[in-house]
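First the structure, in the form of structure tokens, and then the observations on it.
No lab work stands behind these numbers, since they all come straight from the coordinates. All values derive from a computational prediction rather than experimental measurement.
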């Protein structure tokens, strides 16, 4: 029986750029940053007030141990076209978060808008991943 979700994965093209975006721009905590001898890097982050779930920033690169080069090429193409939408981040104040993140250089696809479920803005990371920033009703 599955008891909980402990990790979610966001595919990225560059760990250093991902670190800067998720830690410095979104304000996430670094949970683990470990480099192995084979070149693999295990980098996890997460919202400060949600320590029970880690976000794995998985670098999609050739020569890695987890994917064939063919799959890497397909994943990189999908990321760069912006068709991968990995998730929804919740906030208590969408307008304030929108303004704060814009000041930090986060690129928004759509400004805060009233929806039936709350207020939502949409942003993307440097790799084309699309996220919803939602203030629930």
(message) Let me understand the chain better: what is its radius of gyration from the alpha carbons, and its Dmax, in angstrom?
(response) 15.7, 49
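State the extension gain, in nm to one decimal, for the chain segment bounded by residue 30 and residue 74, taking 0.36 nm per residue of separation less the distance between their alpha-carbons. Present the calculation step by step, with values, prior to reporting the outcome.
Details: separation 44, 0.36 × 44 = 15.84 nm, distance 2.82 nm.
Taking 0.36 nm per residue and subtracting the Cα distance, the gain is 13.0 nm.
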(request) Subtract the Cα-Cα distance of residue 89 and residue 3 from 0.36 nm times their separation in residues, and report this length gain in nm to one decimal. (result) 28.8 nm
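Restricting to the chain, compute how many DSSP beta bridges are antiparallel as a %, nearest 5.
Working: 21 of 31 bridges.
Of all bridge pairs located within the chain, approximately 70 percent are antiparallel.
Work out, step by step, the length gained on full extension between residue 103 and residue 62: first 0.36 nm times the residue separation, then minus their alpha carbon distance; give nm to one decimal.
Values: separation 41, 0.36 × 41 = 14.76 nm, distance 3.40 nm.
Net length gain for the segment: 11.4 nm.
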